[in-house]
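What follows is a single structure, written as structure tokens, with notes after it.
The values are calculated or read from the model by the stated rules, or taken from the named source; none is laboratory data. These figures come from a predicted structure and were not determined experimentally. All Cβ positions, even for glycine, are placed from backbone atoms using ideal geometry, and neighbour counts span all protein chains on display.
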Amino acid sequence: MKRFVKAPIVGDLYQTGIVYPSASNLSYFWNFGVLALVCLIVQILTGVFLAMHYTPEQNLAFLSVEHIMRDVNMGWLLRYFHANGASMFFIVVYIHILRGLYYGSYVAPREGLWLVGVIILLLMIVTAFMGYVLPWGQMSFWGATVITNLVSAIPKIGGDIVIWLWGGYSINNATLNRFFSLHFLFPFLIAGLVLIHLILLHTDGSNNPLGISLKRDSIPFYPYYILKDLYGVVLFFFFFGLFVFFMPNYLGHSDNYIAANPMVTPPHIVPEWYFLPFYAILRSIPDKLMGVLALLFAILVLCLLPFLVSPELRSNDFRPLANFVFWLFVLDVLILGWVGSKPVEEPYVQIAQIATLFYFAYFLFLLPGISWLETYFFQKRP
């Protein structure tokens, strides 16, 4: 047994999944990292099987999706798992990020871990957007038209980049083929980054609700956290199954069950729900280029946190002001999501502008300012 454990790969797996020392006080919020991995596996497996029956051709794509739903054995289950799995993936990842913000998981020595996580989020957003185009329904077609046209805001070269993205002068068959190819490839890139994410996690160690080192109060990963994660996975699949079997289209848009028609524009073009806060930020800025930059920076601003904020105490449980502002931020994101689903008119534009201002102020001013104040008063204490 000892010789078996000393084998290079087996030994690493044994150290990572069995005897890895973990803090004894991790709450169920630490389950969401494992749940994100489960979602990724579900998306890859269902995506591979769906790709066997999908036809990336503009005249057949919509019909091939209907073929999967009606004619392929258990095809409806594959598609509903994949379509709702994207929403589940983002729910889990957003909670995972909020947990990291609340407990200061971006603070040294975990900067690399946090940065890789932000890159994974960015790739997830790109992958989900391309996947939303593939059914080739009305909202897929016009959503792709609106979002890809944003690139034209880049001075001088923007128009050429859009033509290159489209493979022509409008959304066409070449666009669909490119999106399908990249949508199939990117989950495997995400899986590689997840592996790096896990390596960095086990190099620097997990954070914990107290935000301090608990090396002397650690327990082995197996059986304690293996069983705890399995319990979380079972509960998660109950939640997942509620949508798949009882509300499969609740998180989607009804217009996507209408075949794409370039001659008919939907009255209100909206992306999937998990893009709505970013969509609201984009629309809140009148200038097209500045709106695109704000949209991109809304994600990349997370990369600045390890360098802007270095609190003496990581956990917001012990930081009343930071805790209060954090929940204001959560409310602000929910407001952005609500406004993103509304038409571009008053008073939604003003609400979006105020919420966008607070969103960036939270990362660039409020968090660093609160950290500085806490450090200042901490040093002033006798």
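Here's the yes/no breakdown for (1) within 9 Å of the chain's Cα centre (by Cα); (2) crowded, with 20+ Cβ neighbours inside 10 Å; (3) outside any helix (DSSP H, G or I):
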{"position": "Tyr94", "(1), (2), (3)": "yes, no, no"}
{"position": "Ile97", "(1), (2), (3)": "yes, no, no"}
{"position": "Gly100", "(1), (2), (3)": "no, yes, no"}
{"position": "Ala108", "(1), (2), (3)": "no, no, yes"}
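Only one residue in Leu235, Leu251 is under 27 Å from Ile41 (Cβ atoms), outside any helix (DSSP H, G or I), under 22 Å from the mean Cα position of the chain (by Cα) and of a type in the set (A, V, I, L, M), so which one is that? When all the criteria are applied, what remains is Leu251.
Among the residues of segment 144-172, those that are outside any helix (DSSP H, G or I) and in contact (Cβ under 8 Å) with a residue 24 or more places away in the chain comprise Ile154, Pro155, Ser170, Ile171, Asn172. The residue pairs whose first member lies in segment 189-218 and is in contact (Cβ under 8 Å) with a residue 40 or more places away in the chain, whose second member is assigned to a loop (DSSP other than H, G, I, E, B) and among the aromatic types (Phe, Trp, Tyr), and whose beta carbons are closer than 7 Å, counting only pairs six or more residues apart or on different chains, are His202/Tyr20; Asn207/Tyr103; Pro209/Tyr103; Gly211/Tyr103. Selection within segment 301-335: residues that are in contact (Cβ under 8 Å) with a residue 40 or more places away in the chain and among the acidic types (Asp, Glu). The member of this set that is farthest from Trp372 (Cα to Cα) is Asp317.
What residue, of Met263, Met290, is assigned to a loop (DSSP other than H, G, I, E, B) and either over 18 Å from the mean Cα position of the chain (by Cα) or closer than 30 Å to Ala108 by Cβ (or both)?
Among Met263, Met290, only Met263 is assigned to a loop (DSSP other than H, G, I, E, B) and either over 18 Å from the mean Cα position of the chain (by Cα) or closer than 30 Å to Ala108 by Cβ (or both).
The set of residues from segment 201-232 being farther than 17 Å from Phe32 by Cβ, assigned to a helix (DSSP H, G or I) and in contact with a Leu (Cβ under 8 Å, 6 or more places away or on another chain) comprises just one member, Asp204.
Residue by residue, here is whether (1) surrounded by fewer than 18 Cβ atoms within 10 Å (Cβ to Cβ); (2) more than 23 Å from Leu300 (Cα to Cα); (3) within 17 Å of the chain's Cα centre (by Cα) holds:
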position: Ala144; (1), (2), (3): no, no, no
position: Ile147; (1), (2), (3): no, no, no
position: Ile154; (1), (2), (3): yes, no, no
position: Ile171; (1), (2), (3): no, yes, no
position: Leu193; (1), (2), (3): yes, no, yes
position: Asn208; (1), (2), (3): no, yes, no
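Scanning segment 307-320 for residues that are more than 24 Å from Leu334 (Cα to Cα) and not in a loop (DSSP other than H, G, I, E, B), we see that the one that is farthest from the chain's Cα centre (by Cα) is Phe318.
Scanning segment 335-382 for residues that are modelled with pLDDT of 90 or more, β-branched (Val, Ile, Thr) and within 20 Å of Glu272 (Cα to Cα) yields a total of 4. Test Gly104 against the criterion of being part of a helix (DSSP H, G or I), crowded, with 20+ Cβ neighbours inside 10 Å, among the small types (Gly, Ala, Ser) and in contact (Cβ under 8 Å) with a residue 12 or more places away in the chain, and give yes or no. Against the criterion (part of a helix (DSSP H, G or I), crowded, with 20+ Cβ neighbours inside 10 Å, among the small types (Gly, Ala, Ser) and in contact (Cβ under 8 Å) with a residue 12 or more places away in the chain), Gly104 does not qualify.
For Phe186, the criteria (1) assigned to a helix (DSSP H, G or I); (2) closer than 17 Å to Phe62 by Cα hold in every case but one, which is (2).
Counting the residues of segment 60-88 that are in a loop (DSSP other than H, G, I, E, B) and out of contact with any helix residue (DSSP H, G or I) (no Cβ under 8 Å at 6 or more places or on another chain) gives 4. Tally the residues that are touching an Asp or Glu at 6+ places or on another chain (Cβ under 8 Å) and loosely packed, with under 13 Cβ neighbours inside 10 Å, restricting the search to segment 224-256. Of the residues in segment 224-256, 0 are touching an Asp or Glu at 6+ places or on another chain (Cβ under 8 Å) and loosely packed, with under 13 Cβ neighbours inside 10 Å. The condition of being crowded, with 17+ Cβ neighbours inside 10 Å, touching a residue at least 40 places away in the same chain (Cβ under 8 Å) and farther than 18 Å from Gly241 by Cβ holds for only one of Gln58, Gln43, that being Gln58.
Looking across segment 305-362 at every residue that is among the charged types (D, E, K, R) and out of contact with any helix residue (DSSP H, G or I) (no Cβ under 6 Å at 6 or more places or on another chain), the one that is nearest to Asn207 (Cα to Cα) is identified as Arg314. Val133 passes every criterion in (1) surrounded by fewer than 19 Cβ atoms within 10 Å (Cβ to Cβ); (2) closer than 19 Å to Ala61 by Cβ apart from (1).
Taking segment 160-169 as the range and being farther than 21 Å from Ile269 by Cα and surrounded by 15 or more Cβ atoms within 10 Å (Cβ to Cβ) as the test, only Gly167 passes. If we scan segment 215-222, do we find a residue that is under 22 Å from the mean Cα position of the chain (by Cα) and loosely packed, with under 12 Cβ neighbours inside 10 Å? Scanning segment 215-222 turns up no residue that is under 22 Å from the mean Cα position of the chain (by Cα) and loosely packed, with under 12 Cβ neighbours inside 10 Å.
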